[in-house]
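K.L.:
My questions all concern the structure below.
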Amino acid sequence: MTQKPVFLTAGGLAKLQAELEHLITVRRHEVAERIHQAKASGDITDNAEYEDAKNEQAFLEGRILTLEAMFRNVQLIDENSTSEVVTLGSSVTVVDEDGYEDTYVIVGSAEADPSKGRISNESPVGRALLGRRVGEEAQVLAPVGEVKLRVTALNAGRS
């Protein structure tokens with residue numbers, strides 16, 4: 001089964017690698033200790049602490065597997081690209097029909113954080129902007145209806 005690529009900036013990759021290292025070296029040990037302590041307190045049949053620790057262990061192991069799978073499919077975003085069109089890693093400034101201006105950095109879905117202006121290449125806005133040049137318009141189907149965004153500036157590599 002072929003997995004889809006996971007687009008990451010070098011900083012995003014380092015952050016996820018640090019998270020994986022922490023989960024494996026620190027959190028696994030902490031959760032194992034919680035399970036051991038819960039077992040030591042007696043019958044595990046109706047032991048809420050034991051159940052909670054086992055659930056945390058399952059979540060932790062799932063996250064570790066997810067991160068490891070992501071790393072097998074990582075494609076680094078070239079943050080120093082000088083493309084004339086919006087690409088992954090681009091910082092793009094747009095203006096909507098009402099004159100509202102916003103700037104986004106186009107990143108892979110694993111790094112998306114809309115509250116910080118980092119939008120996924122798979123989001124409706126990200127998809128609509130990819131391949132656009134300064135001066136071009138993109139139409140985005142949003143919950144409020146169709147929105148037109150005009151690209152006013154493109155600064156590749158400013159993520």
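K.L.:
Place +1 on the Cβ of every Lys and Arg and -1 on the Cβ of every Asp and Glu in the chain, take the dipole about the Cα centre, and give the residue among Val144, Leu67, Val31 whose Cα lies farthest towards its positive end.
P.N.:
Leu67
K.L.:
Which aspartates and glutamates, on any chain, are close to Lys116 with Cα under 17 Å apart, when same-chain ones fewer than 8 places away are left out?
P.N.:
Reachable aspartates and glutamates: Glu101, Asp102.
K.L.:
Separate question: Under 29 Å between alpha carbons, and skipping anything fewer than 8 positions from Lys39 in its own chain: which lysines qualify?
P.N.:
Lys54
K.L.:
Out of (i) 1.34; (ii) 1.42; (iii) 1.21, which label holds the value of Cα Rg over 2.2 N^0.38 Å that was computed here?
P.N.:
(ii)
K.L.:
Right, another one. I need the peptides 76-85, 118-127 ranked by packing, meaning the mean over residues of other C-beta atoms within 10 angstrom, with the highest value on top.
P.N.:
Numbers: 76-85: 14.5, 118-127: 19.0.
Ranked by mean Cβ neighbours within 10 Å, highest first: 118-127, 76-85.
K.L.:
Rounded to the nearest 500 deg cm²/dmol, what is the calculated helix-only ellipticity per residue at 222 nm for the chain, with -39500 (n - 2.57) per DSSP H run of length n ≥ 4?
P.N.:
Numbers: 4 runs with 57 residues, N = 159.
So the calculated ellipticity at 222 nm is -11500 deg cm²/dmol.
K.L.:
Which part of the stretch 85-112 falls in the paramagnetic zone of Ala142, meaning amide N under 11 Å from the point 7 Å along Cα-to-beta-carbon?
P.N.:
Hits in the stretch 85-112 for Ala142 at 11 Å: 95-102.
K.L.:
Here is a follow-up. Shape call for the stretch 90-156 from the C-alpha gyration tensor, a ≥ b ≥ c root eigenvalues: rounded (a/c under 1.5), prolate (a/b greater than b/c) or oblate?
P.N.:
Details: a/c = 1.57, a/b = 1.20, b/c = 1.31.
Verdict is oblate for the stretch 90-156.
Bear in mind that the values in this text are calculations on the coordinates, not laboratory data. Bear in mind the structure is a predicted one, so any value in this text is a computation, not a measurement. Don't worry about glycine lacking a Cβ; one is built from the backbone with ideal geometry, like all the others, and counts go over all protein chains shown.
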